[in-house]
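Below: one structure, written as structure tokens.
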């Protein structure tokens, strides 16, 4: 299949490489020339613009930071929609406002180009090993055409509703993850301050109702003080902002999401925006004057 890929950051690059490994013909573009050059070494063709990528592709995937970048990559000058042929498909796998997804989908529809919004969850590790959770909005028949690609990049791909539904689902995911990490941070700060080994506490509770994928993935990072970004605090703050804006438009109160978003903003102001979102726990540590780590021997 002729596939285009626009956006080769932390998530996009390993996703694109997995498509190449599955023997798809890939044309790529990124505003960072170094990112595109590294993909050429992996066997991808290089496009000069998003427009050229789409012109050479049956399915064009975008994976960029936020709504403005999606609009630029798809709707802007030299954007994918300028090059896309009628009947082709544009799939935006970025995490953005569902309102932006609907705007882009409407513009694509006007030019007889199909559109899916398909944000992902799992961070860089799952992007690398091709086990992302993919949440999709759009038509069933379009989803079915793209499903073979989703199955290469993810372990699950679920059609959740019409265009925009994928990003509503992703926002729900991000709310649960952020609040879960914050609760984990509070719990482990309490245990550490009481003189317990936080690793022992995690092992004691993870088999019960408190166990979660978040606990399994993020507690070891906090305890080992490893905050190398798989998913940055700054991007999670963006997602919660989009969740709050969507909730406001639907008159849905999200008090815990609001608090988590303020915590993330405070961490960004303290220069921690590029750390992994496991570092949400450091906000609690600062308040409690304790560092979550194994006790000294």
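The values are calculated or read from the model by the stated rules, or taken from the named source; none is laboratory data. Everything quoted here is computed from the prediction, not taken from an experiment. Reconstructed Cβ throughout: ideal geometry from the backbone, glycine too, with neighbour counts over all protein chains shown.
On the stretch given as segment 127-158, residues that are in contact with a helix residue (DSSP H, G or I) (Cβ under 9 Å, 6 or more places away or on another chain), over 20 Å from residue 87 (Cβ atoms) and without any contact (Cβ under 8 Å) to a residue 60 or more places away in the chain total 10. In this structure, is residue 177 buried (at least 22 other Cβ atoms within 10 Å of the Cβ) and closer than 29 Å to residue 17 by Cβ? For residue 177, the condition - buried (at least 22 other Cβ atoms within 10 Å of the Cβ) and closer than 29 Å to residue 17 by Cβ - is met. Residues satisfying the criterion are present in segment 90-105 (criterion: more than 13 Å from the chain's Cα centre (by Cα) and surrounded by fewer than 17 Cβ atoms within 10 Å (Cβ to Cβ)).
For residue 228, indicate whether it is farther than 21 Å from residue 189 by Cβ, free of Cβ contacts under 8 Å to residues at least 60 places away in the same chain and outside the structural domain of residue 102 (by TED's automatic domain parsing).
Considered against the rule, which asks whether it is farther than 21 Å from residue 189 by Cβ, free of Cβ contacts under 8 Å to residues at least 60 places away in the same chain and outside the structural domain of residue 102 (by TED's automatic domain parsing), residue 228 comes out as yes.
In segment 192-216, the qualifying residues are those that are in contact (Cβ under 8 Å) with a residue 24 or more places away in the chain and assigned to a helix (DSSP H, G or I), and the one that is surrounded by the most Cβ atoms within 10 Å (Cβ to Cβ) is 198. Residue-level check: of (1) at pLDDT 95 or above; (2) buried (at least 19 other Cβ atoms within 10 Å of the Cβ); (3) within 19 Å of residue 99 (Cα to Cα), residue 253 misses just (2). Within segment 222-235, none of the residues are in a helix (DSSP H, G or I), modelled with pLDDT under 95 and surrounded by fewer than 18 Cβ atoms within 10 Å (Cβ to Cβ).
Filtering segment 1-46 to residues that are without any contact (Cβ under 8 Å) to a residue 40 or more places away in the chain, under 20 Å from the mean Cα position of the chain (by Cα) and more than 16 Å from residue 62 (Cβ to Cβ) leaves only 17. Going by what's in this entry, would residue 189 be described as out of contact with any strand residue (DSSP E or B) (no Cβ under 6 Å at 6 or more places or on another chain), in a helix (DSSP H, G or I), at pLDDT 95 or above and within 22 Å of residue 12 (Cα to Cα)? For residue 189, the condition - out of contact with any strand residue (DSSP E or B) (no Cβ under 6 Å at 6 or more places or on another chain), in a helix (DSSP H, G or I), at pLDDT 95 or above and within 22 Å of residue 12 (Cα to Cα) - is not met. Out of all the residues in segment 189-196, is one or more within 17 Å of residue 177 (Cβ to Cβ) and outside the structural domain of residue 94 (by TED's automatic domain parsing)? Scanning segment 189-196 turns up no residue that is within 17 Å of residue 177 (Cβ to Cβ) and outside the structural domain of residue 94 (by TED's automatic domain parsing).
Say we look at segment 51-73 and pick out the residues that are touching a strand residue (DSSP E or B) at 6+ places or on another chain (Cβ under 6 Å) and part of a helix (DSSP H, G or I); which of these is surrounded by the fewest Cβ atoms within 10 Å (Cβ to Cβ)? The residue in question is 53.
Going through (1) over 16 Å from residue 181 (Cβ atoms); (2) outside any loop (DSSP other than H, G, I, E, B); (3) in contact with a strand residue (DSSP E or B) (Cβ under 7 Å, 6 or more places away or on another chain) one by one, residue 274 falls short only on (2). Among the residues of segment 159-168, those identified as assigned to a helix (DSSP H, G or I) and surrounded by 24 or more Cβ atoms within 10 Å (Cβ to Cβ) are 166, 167. Residue count for segment 87-133 satisfying the condition of being assigned to a strand (DSSP E or B) and more than 18 Å from residue 175 (Cβ to Cβ): 8.
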